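Colleague: I'd like to ask some things about the structure below.
The values are calculated or read from the model by the stated rules, or taken from the named source; none is laboratory data. On a predicted model such as this, the values are computed, not experimentally measured, just so you know. Here Cβ is always computed from backbone atoms with ideal geometry, including for glycine, and neighbour counts include all displayed protein chains.
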Amino acid sequence: MKRQRIWIDIVNPSHSLFFRSIIPELEREKKIIITLRDRAETVKLANQFGIQGRAVGRDHENPIMKISAILFRILNLSLTLSSFDYSVSFENMISTSVTKIRKKSSILLLDNDLKYKMKHNLFQDIESRIKTVADNIIIPRPCYPIMKGVIDKDRLFTYDGYKEDIYIADFIPDKNFLKRLPFSDYVIIRPESLSSFYVDDKGSIVDILVNRFTDEGFNIIYLPRDKRDRVNFRQKNVFIPKEPLDGLDLIYYSRGVLTGSGTMGREGAVMGKRSAIFFPNRTRLSVDEDLIKKKRMIHSRDPEELIDYFIANKNERKEPDLSKSRSVKNEVLRIINGILDGRRGFL
C-alpha cells in the first residue's frame with residue numbers, strides 16, 4: 001500500500017519547535033514533505049532540530065510587502081509543490097490556501113481565537129476567514145466557545161491542554177546549555193510583536209522593563225523578534241544572543257519569562273515557571289485567559305506589577321512535571337492519525 005504523503009509548512013520560529021515533536025511520529029508511517037519560510041530564526045531553528053525542507057519566500061515588516069510576499073508564496077507553492085495527500089499546519093493561512101487550490105485535504109491546528117473575537121484590518125480578517133475553510137481544525141478546549149460559532153462542528157476537534165504541551169512533552173534539558181550564556185541566573189524578556197496585524201497598541205514597554213529589572217539586580221536574556229527590536233542595551237547584565245538558542249532550555253534554566261506575546265509565556269507556564277505576558281491588547285487569547293484563570297500566568301502592562309510578581313518569588317525553583325504534556329501530545333496525535341486514516345467517528 002502506498003504511503004500517504006503529508007505536506008508540512010513551517011512559517012514561524014515556534015512552528016519549528018511544534019513540528020519537531022510531530023514529524024517523527026508521523027513519518028513512521030507517512031511520507032513527509034517539508035517547506036519553510038524565511039522569517040526570523042525559523043529556518044535556522046528547523047535545521048538545528050534536524051528538520052530539512054525547501055525554503056520558499058520570506059517575511060517583511062512593511063505591511064504592503066508582507067501581503068505581497070504572502071500572495072507570491074501561495075502562487076509559488078501552488079505551482080511548484082510536489083504531490084501530497086494531506087497538509088498539516090499550525091495557524092497557517094498559506095498552507096490552507098495552497099491545499100484548497102490543489103484540491104487536497106487539510107488539517108489545521110490553531111489556538112489564536114483572538115482574531116475571531118475582534119475586528120482588525122481587512123487583510124487580517126481575510127486571513128482568519130481563509131483558515132476557517134480548512135477541512136479539519138484542531139483547537140485547545142478553551143477556544144471552543146468562540147470557534148464553535150465560526151466553524152462547522154463536524155470539522156472541529158478539541159483537546160484538553162495547550163499547543164505548547166505537545167512539544168514540551170519530549171523536552172530533555174541540555175546539561176551543557178548554561179555554558180552558552182554569560183550567567184546562570186536570569187529572566188527572559190521578549191518584546192511585543194508590534195508588526196502583527198492583530199496588535200492594536202503599537203507602543204512598547206520593553207525599555208522600562210529592562211531598566212526596572214536590572215535596577216533590582218536581575219540578569220536578563222533579551223530575545224528580539226526582528227531588526228527593529230535589536231536595541232543595544234548599555235546594562236552589563238543584559239545579554240542578547242547572536243545565534244538562536246533552544247527556547248525550552250532557555251526557559252528551563254531561567255527564573256521566569258516575560259513576553260509581549262503569548263507563546264513563550266505559555267511555554268513557561270506549562271513548565272511551571274514564573275510567567276507573565278504584557279500583550280498590548282485588552283482582549284486576550286482564550287488559552288491565555290485559561291492559564292491566567294488557573295493562576296499559572298499573569299497579564300499586565302504595568303512594569304511595577306510585573307517586577308513585584310517576580311521579586312515575590314525570586315528564589316523559586318520548580319522541576320517541570322511533563323506527565324500532563326505527554327498526555328496532551330498523545331491525544332492530539334490520536335486526533336491527527338484518526339483524520340488521516342479516515343476514522344472520523346473515532347472521537
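Colleague: Given the condition at pLDDT 85 or above and either closer than 14 Å to residue 190 by Cα or part of a loop (DSSP other than H, G, I, E, B) (or both), answer yes or no: does some residue in the range 326-340 qualify?
Modeller: Within the range 326-340, not a single residue is at pLDDT 85 or above and either closer than 14 Å to residue 190 by Cα or part of a loop (DSSP other than H, G, I, E, B) (or both).
Colleague: Sort out for me the strands (runs of 3 or more DSSP E) sitting completely within the range 110-222 that have 3 or more residues that are in contact with a Phe, Trp or Tyr (Cβ under 9 Å, 6 or more places away or on another chain) and more than 16 Å from residue 284 (Cα to Cα).
Modeller: 136-140, 187-190, 220-222
Colleague: Then there's this: Answer with yes or no whether residue 306 is farther than 21 Å from residue 214 by Cβ, of a type in the set (A, V, I, L, M) and in the same structural domain as residue 193 (by TED's automatic domain parsing).
Modeller: Against the criterion (farther than 21 Å from residue 214 by Cβ, of a type in the set (A, V, I, L, M) and in the same structural domain as residue 193 (by TED's automatic domain parsing)), residue 306 does not qualify.
Colleague: Now for a separate question. Any idea how many residues of the range 52-74 are within 20 Å of residue 7 (Cα to Cα) and either in contact with a strand residue (DSSP E or B) (Cβ under 6 Å, 6 or more places away or on another chain) or part of a helix (DSSP H, G or I) (or both)?
Modeller: Qualifying residue count, the range 52-74: 11.
Colleague: I'd like the full set of residues that are among the basic types (Lys, Arg) and either within 16 Å of residue 163 (Cβ to Cβ) or part of a strand (DSSP E or B) (or both), limited to the range 233-277.
Modeller: 266, 274
Colleague: Of everything in the range 132-153, what is at pLDDT 95 or above and charged (D, E, K, R)? Give them in sequence order.
Modeller: Those that are at pLDDT 95 or above and charged (D, E, K, R): 135, 141.
Colleague: Among the candidates 73, 54, single out the residue that is at pLDDT 95 or above, loosely packed, with under 15 Cβ neighbours inside 10 Å and in contact with a helix residue (DSSP H, G or I) (Cβ under 9 Å, 6 or more places away or on another chain).
Modeller: 54 is the lone residue from the list that is at pLDDT 95 or above, loosely packed, with under 15 Cβ neighbours inside 10 Å and in contact with a helix residue (DSSP H, G or I) (Cβ under 9 Å, 6 or more places away or on another chain).
Colleague: Any idea which of (1) of a type outside the set (Ser, Thr, Tyr); (2) at pLDDT below 95; (3) more than 20 Å from residue 329 (Cα to Cα); (4) within 19 Å of the chain's Cα centre (by Cα) is the one residue 122 doesn't satisfy?
Modeller: Only one criterion in (1) of a type outside the set (Ser, Thr, Tyr); (2) at pLDDT below 95; (3) more than 20 Å from residue 329 (Cα to Cα); (4) within 19 Å of the chain's Cα centre (by Cα) is unmet by residue 122, namely (4).
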